[in-house]
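The values are calculated or read from the model by the stated rules, or taken from the named source; none is laboratory data. Note that the coordinates shown come from a computational prediction; the quantities given were computed from them, not determined experimentally. Every residue, glycine as well, gets a Cβ built from its backbone with ideal geometry; the counts of neighbours run over all protein chains shown. Ligands, DNA and RNA are excluded from the accessible area calculation, which covers all protein heavy atoms including side chains. Shrake-Rupley method; radii C 1.70, N 1.55, O 1.52, S 1.80 Å.
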There are 6 protein chains.
Amino acid sequence: MRVTVNRKAHFNAAHRLYRKDWDDHKNEQVFGKCSNPHYHGHNYELIVSVTGEVDPETGFVMDLKKLKELIYQEVELPLDHKNLNTEVAEFRNLNPTAENIAIVIWNRMRRKISQDMDLSVTLYETPRNFVVYSGS
Amino acid sequence: MRVTVNRKAHFNAAHRLYRKDWDDHKNEQVFGKCSNPHYHGHNYELIVSVTGEVDPETGFVMDLKKLKELIYQEVELPLDHKNLNTEVAEFRNLNPTAENIAIVIWNRMRRKISQDMDLSVTLYETPRNFVVYSGS
Amino acid sequence: MRVTVNRKAHFNAAHRLYRKDWDDHKNEQVFGKCSNPHYHGHNYELIVSVTGEVDPETGFVMDLKKLKELIYQEVELPLDHKNLNTEVAEFRNLNPTAENIAIVIWNRMRRKISQDMDLSVTLYETPRNFVVYSGS
Amino acid sequence: MRVTVNRKAHFNAAHRLYRKDWDDHKNEQVFGKCSNPHYHGHNYELIVSVTGEVDPETGFVMDLKKLKELIYQEVELPLDHKNLNTEVAEFRNLNPTAENIAIVIWNRMRRKISQDMDLSVTLYETPRNFVVYSGS
Amino acid sequence: MRVTVNRKAHFNAAHRLYRKDWDDHKNEQVFGKCSNPHYHGHNYELIVSVTGEVDPETGFVMDLKKLKELIYQEVELPLDHKNLNTEVAEFRNLNPTAENIAIVIWNRMRRKISQDMDLSVTLYETPRNFVVYSGS
Amino acid sequence: MRVTVNRKAHFNAAHRLYRKDWDDHKNEQVFGKCSNPHYHGHNYELIVSVTGEVDPETGFVMDLKKLKELIYQEVELPLDHKNLNTEVAEFRNLNPTAENIAIVIWNRMRRKISQDMDLSVTLYETPRNFVVYSGS
């Protein structure tokens, strides 16, 4: 009996959509106001979803207190109240679109979640724009 | 690396559940108060979900500004503040249930989204009733 | 010790913004697409707020089961799945704007709520547009 | 054309996480404050999702009025305003974790939904913790 | 320039509506299923609202980190994952209705908030039932 | 008959809490991680509330299309996708706390709303922190 357990979390960050190897004009042309060199920001809402067997002893797929703590260590501490472009190593040469942020979070979480469990990451950039990445 | 990008949109419309080839009594028996001949209406909340490869150049599956514009052209312009039964061609002979509205929206959007991407449509008729259609 | 108790409810209805004594052109000029003669509709979300002394015996300002039942009788039964313009007596000669609908609901509820209590009505026409009427 | 129709419902219940065959110390060690012997409680939000062919006659996968009534009979009546540990037969020897409650609800609903339809249950224990069970 | 700052918080608890000086029959007659002797529970959502002058030096009415910490000490620690009737001193002889819980929280917070500021407490017992208490 | 009409809007921006006349150490001590020199950001959710007499001719306090357009001109155009500290004139010497942003928005809107109407501004900095300013 495989069940998916989900935990919501939250972080605030500044970013801009931007490629170093493009000039400002091209960045602005492709990314519009999201490329503003002075940055803008978001309240990112995150759902981390872990699918696995229910442990017959505890009735848990995974202790949600542990999942909450993992999200704190792997996502909130490194990303909350940060400038994604200048302060987060993974985005030094990677455009921090919602898609790429979700993939970065998935990679960070994947290392910490048991390999017999599936992992999916849902990231809301705004209440109207969100992305889902499940690792393939 | 395939990611799903999602965009929420909104439209208001009047409708009634009704088959022309049934008499009023049978319509009322099957569809209850949803068949009221004077119409009622909803704030339809829509999520359009597109799954595809992340373009390594932009970091986008698809520019969400473009998806927003497509939803405006294909869904909001033709359906918002309309009477679905009398003013929207697809429902001239099709009962505008949430299921059928989702399929109509999916068909309209499918023509505009690149064929190497998957498409799914989620439609909330009320905050408690919603449907999902993914094309098969 | 005066406390405000609030109960949320919900109804779906069709309407159009329209004055009988104006021609179609003027209605369309003032009310735009909201004046579509074929009607459109909304999921109206309602909050009824009653302020009064806490009864020291029950700990209630008012039994919320009773408030829920009053809203059902006074608002949901007469308005849900109805066409406000053609099926609801109060709007025969009154434009069913959110403001006027809130006033109509307040008047209906006011007759049923004890006069030593204050009454306020909040009506969401869409998730982004809402009105509040408190009786003066 | 298979569509998923979803209905949201709600129930309030008390519970504690607890195994009879463990002593209080071990229950407290594994389940923390969720094991408080005096119980705590939740507003459980439930989404029941049914996937099937759209009936070409009605435009329904399944009449949502019927699904709403089934949820009332199978979930709300037996679980709402109850103590899950002491008043619900399925949890006499089963720890009422969100995972197990979702499985119990799925089993109750599965018996009532036509076998050519797929069934999935989403259960929110809090706005930040939720689980999904689809029967395998 | 007076501004209201608001902080949302959350706690889960079990309770029953019940007066010791009434017999079970009268409790059940007045409070219905909310009086179930085995308890039920809720995810209580809380908004604490503090109104005061904006400090021209910091731009704060009150540091929200400090308000968050006060709510944790005065509300979450004593009420979260508790049985309100049996484990919280204020309810030993007070019926834990939403009204009374809001008053208890207001009294606890009032002692900790500077007297030149106004205080209001909003408590959601369910997403559809909530109360507001402002101290008079 | 005075009614309050409310319109929700949204903008994303970067900011940091910071006083130029304090050194970095003091800024960090008072404002914590909100003072990060690389900025962070938010999805600000805004509610603009206008209270006035219902015009008996239109049934409107104020045409919400007009209010929506005013919010776009006065708030969204100048603040959306901006860095509040470096790109918005009002914050050149004013700390962009939620309180101060609400006051700035209120001042901008006040000039455009008829003086016989009351104005209130609610600003969500995060889903858990929000402020209200009504002009006094």
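Count of segment D:96-105 residues, restricted to those that are facing chain A (nearest Cβ under 7 Å) and small (Gly, Ala, Ser), is 1. Taking the condition more than 12 Å from chain C (Cβ to nearest Cβ), of a type in the set (A, V, I, L, M, F, W, C), out of contact with any Cys (no Cβ under 9 Å at 6 or more places or on another chain) and part of a strand (DSSP E or B), does B:VAL5 pass? So B:VAL5 passes the test.
Residues considered: B:ILE105, B:ILE101. Of these, the only one that is in contact with an Asp or Glu (Cβ under 9 Å, 6 or more places away or on another chain), hydrophobic (A, V, I, L, M, F, W, C) and under 14 Å from D:ARG2 (Cα atoms) is B:ILE101. Looking only at residues of segment E:111-136 that are more than 7 Å from every other protein chain (Cβ to nearest Cβ) and assigned to a strand (DSSP E or B), we find that the one that is surrounded by the fewest Cβ atoms within 10 Å (Cβ to Cβ) is E:ASP118.
Looking across segment F:62-74, just one residue is farther than 15 Å from C:ARG128 by Cα and either open to solvent by 40 Å² or more (accessible area, probe 1.4 Å) or of a type in the set (S, T, N, Q) (or both), and that is F:GLN73.
Listed conditions (1) within 12 Å of chain A (Cβ to nearest Cβ); (2) of a type in the set (Gly, Ala, Ser); (3) in contact with a helix residue (DSSP H, G or I) (Cβ under 8 Å, 6 or more places away or on another chain) are all met by F:GLY59, apart from (1). The set of residues from segment C:44-61 being of a type outside the set (A, V, I, L, M, F, W, C), within 22 Å of the chain's Cα centre (by Cα) and open to solvent by 10 Å² or more (accessible area, probe 1.4 Å) comprises C:GLU45, C:SER49, C:THR51. Tallying residues that are part of a loop (DSSP other than H, G, I, E, B) and either modelled with pLDDT under 95 or not β-branched (Val, Ile, Thr) (or both) within segment C:35-54 yields 4. All conditions in (1) within 14 Å of chain E (Cβ to nearest Cβ); (2) under 14 Å from the mean Cα position of the chain (by Cα); (3) free of Cβ contacts under 8 Å to residues at least 40 places away in the same chain hold for D:ARG108, with the sole exception of (1).
The single condition among (1) free of Cβ contacts under 8 Å to residues at least 24 places away in the same chain; (2) on the phi < 0 side of the Ramachandran plot; (3) assigned to a loop (DSSP other than H, G, I, E, B) that B:GLY59 does not meet is (2).
Output the residues belonging to segment D:1-43 that are of a type in the set (A, V, I, L, M) and buried (at least 22 other Cβ atoms within 10 Å of the Cβ).
Scanning segment D:1-43 gives D:VAL3, D:VAL5, D:ALA13, D:ALA14, D:LEU17.
Within segment C:72-95, the presence of a residue that is away from chain B (no Cβ under 14 Å) and in contact with an Asp or Glu (Cβ under 8 Å, 6 or more places away or on another chain) is excluded. Give the residue that is nearest to the other protein chains (Cβ to nearest Cβ), with candidates limited to residues of segment C:8-54 that are small (Gly, Ala, Ser) and free of Cβ contacts under 8 Å to residues at least 60 places away in the same chain. Applying the filter and picking the extreme gives C:GLY41. Each residue in segment C:81-99 was checked for being part of a loop (DSSP other than H, G, I, E, B) and surrounded by fewer than 20 Cβ atoms within 10 Å (Cβ to Cβ), and 4 of them qualify.
Look at (1) out of contact with any strand residue (DSSP E or B) (no Cβ under 9 Å at 6 or more places or on another chain); (2) within 19 Å of B:ARG16 (Cα to Cα) and you find that C:VAL88 fails only one, number (1).
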